[in-house]
Amino acid sequence: MNNEAEIKIKRTESILLELIPEALGQLNDNRLHDLDIVEVKCSRGRSDAKVYINPSSYSESDKNTYLRQLRKASPIVENFCLKDQGWYRCPKLTFEFDKQFAKSQNIEELFKKIAKDS
């Protein structure tokens with residue numbers, strides 16, 4: 001992939017990372033207002049985008065509830081991004097909780113413990 005295409009993808013990811021929380025904040029479901037979007041990864045053609053959410057301390061049933069709500073809300077969020085940016089089309093958004101984020105949090109906690117013990 002050439003640099004120009006990579007730059008376009010990164011720009012789209014950056015814009016979506018800003019717009020998605022704004023769009024969620026305008027929805028009627030207050031629970032979605034507080035979700036922490038940590039990353040957006042677009043496909044090469046920018047037709048799809050995975051939206052990663054900080055899993056913080058949500059239980060599995062909470063996560064499933066959030067994902068169900070987000071699936072229902074994704075057309076509204078996509079439309080918000082489309083109108084805000086004046087895009088011809090918005091990437092199809094897929095929401096999921098970021099498993100790597102939780103792992104990195106655990107690793108950081110382990111390093112703190114090691115530092116404290118030594």
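The values are calculated or read from the model by the stated rules, or taken from the named source; none is laboratory data. This structure is a prediction, so every number in the text was calculated from the model and none was measured. With ideal geometry, Cβ positions are generated from the backbone for all residues, glycine too; neighbour counts draw on all protein chains shown. The area values use the complete protein model at the heavy-atom level, side chains included, leaving out ligands, DNA and RNA. Shrake-Rupley method; radii C 1.70, N 1.55, O 1.52, S 1.80 Å.
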Order by accessible surface, 1.4 Å probe, largest leading, for residues 80, 111, 95 comes to 111, 80, 95
Note down the nm distance, to one decimal, between modelled labels 7 Å out along Cα→Cβ at residue 43 and at residue 113.
-> 4.1 nm
Dimensionless Rg ratio for region 50-118, taking C-alpha atoms and the 2.2 N^0.38 Å reference | 1.57
Any chance you could run the full-extension gain for residue 59 through residue 14? It's 0.36 nm times the residue separation minus the Cα-Cα distance, nm to one decimal.
-> 13.4 nm
Extension gain, residue 89 back to residue 106 (0.36 nm per residue minus Cα-Cα distance, nm) = 2.3 nm
Within the chain, pairs of Lys residues whose Cα atoms are less than 14 angstrom apart, provided they are eight or more positions apart or on distinct chains, add up to 9
Checked the chain against the a/c 1.5 cut and the a/b vs b/c comparison, axes a ≥ b ≥ c from its Cα gyration tensor; verdict oblate
Using only Cα atoms, tell me the angle between helix 99-117 and the longest principal axis of the chain; keep it within 0 to 90° and round to the nearest 10.
-> 30 degrees
Of all trypsin sites (Lys or Arg not before Pro) in region 43-113, the ones in DSSP coil with at most 13 other Cβ atoms within 10 Å are 44, 89
Return one number: the angle in degrees, 0 to 90 and rounded to the nearest 10, between the long axis of the Cα atoms of helix 60-85 and the longest principal axis of the Cα atoms of the chain.
-> 40 degrees
Rounded accessible area per residue of the chain, 1.4 Å, Å² | 68 Å²
Could you give the dipole magnitude of the chain about its Cα centre, charging the beta-carbon of Lys and Arg +1 and that of Asp and Glu -1, in debye to the nearest 20?
-> 360 debye
Express the carbon and sulfur contribution to the solvent-accessible surface of region 17-74 as a percent, rounded to the nearest whole number, probe 1.4 angstrom.
-> 40 percent
Out of the DSSP beta bridges found with both residues in the chain, what percent are antiparallel (nearest 5)?
-> 45 percent
